[in-house]
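The next block holds one structure in the form of structure tokens; read it before the comments.
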Amino acid sequence: MSKTALLLMDLQSGIVDRYCNDPEFIRRVQQVTATARKAEMLIIYVVVKFREQYPEVSPRNKAFGAVKSGALPLQEGDPAVEVSSSFAPESGDIIVTKRRVGAFSGSDLEVVLRSQEIQHLVLAGIATSGVVLSTLRAAADMDYAITVLSDCCFDKDEEVHRVLTEKVFPMQSDVMTATKWSQQVESTKEVEFASK
């Protein structure tokens, strides 16, 4: 599992509180995070935030127009941009800051993955139609193996989430539930341990 990284994306206080403060979602993400830690997998938190007064946000960018207006505070230093306490990073975890929707856009994620010789990405986050979709597309174009944890992704539009996880994502990734993935990781670790 040393060539695999779990990407926990946009699980920031302001985003979780506003869009998905669901105890079951939180529990599932905590479950996969614990599984990844036990398997000694690299855990990367991807967060979106901007400098004061949002100099990175173009007036032509519809996606971040609401952010610039103050509807969702994503300025550096604001408590809303910190990883939610429900998913608190631990020593050894990596936090990557991005300036756009996808995890690779305006970040050093690719440098981190290359340096750690990561070949397989496991994706979870908010929103399915935002950071998860954008990151999956970019990662597929870079030839990463990809797994999407369908019930550890959330979108405010349930039908969009369903279409993406059932019809679109399977064309470029393995899509599975948190429980199935955790069982798969644990059985792989048992096989690795037995072969030593």
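Counting only complete DSSP H runs, which helices of the chain cover 18 Å or more along their long axis at the Cα atoms and score a mean Kyte-Doolittle of -1.0 or above?
23-38, 178-194
Considering only Cα-Cα distances, which of the following residue pairs are longer than 30 Å: 38/62; 156/180; 3/62?
In this structure, 38/62; 3/62 lie more than 30 Å apart at Cα.
Considering amide H positions built from the backbone, and no H for Pro or chain starts, which residues 5 or more places from residue 146, or on another chain, come under 5 Å of its amide H?
When sequence neighbours closer than 5 places are left aside, the close amide H contacts are 121, 174.
Once the piece of chain linking residue 116 and residue 40 is laid out straight, how much longer is it, given 0.36 nm per residue of separation minus the C-alpha distance between them?
26.1 nm
Please compute the length gained on full extension between residue 66 and residue 184, using 0.36 nm multiplied by the number of residues separating them and subtracting their Cα-Cα distance.
38.5 nm
List the residues whose amide H sits under 5 Å from the amide H of residue 151, counting only those 5 or more places along or on another chain, with H placed 1.01 Å from N in the peptide plane.
For residue 151, whose amide H was placed from the backbone, the distant partners under 5 Å are 178.
For the stretch 4-194, what is the charge dipole size about the Cα centre, in debye to the nearest 20, if Lys and Arg each add +1 at the Cβ and Asp and Glu each add -1 at the Cβ?
I would put it at about 480 debye.
Under the rule a/c < 1.5 gives rounded, and otherwise a/b versus b/c splits prolate from oblate, where does the stretch 1-51 land using the Cα gyration tensor?
Since a/c reaches 1.5 but b/c is at least a/b, the shape of the stretch 1-51 is classed as oblate.
Under the rule a/c < 1.5 gives rounded, and otherwise a/b versus b/c splits prolate from oblate, where does the stretch 8-97 land using the Cα gyration tensor?
prolate
Between residue 124 and residues 5 or more places away or on another chain, which pairs have amide H atoms under 5 Å apart, with H built 1.01 Å from N, and which residues are they?
When sequence neighbours closer than 5 places are left aside, the close amide H contacts are 7, 9.
Quick one, what does Rg over Rh come out to for the chain if you take C-alpha atoms and the Kirkwood Rh?
0.96
What relative contact order, as a whole-number percentage, does the chain give when Cα pairs under 8 Å and 6 or more residues apart are counted?
Across the chain, relative contact order equals 26 percent.
No value in this document is a laboratory result; all are computed from the given coordinates. A quick note: this is a predicted structure, and the numbers were derived from the prediction, not measured. Neighbour counts run over all protein chains shown; Cβ positions are idealised from the backbone, glycine included.
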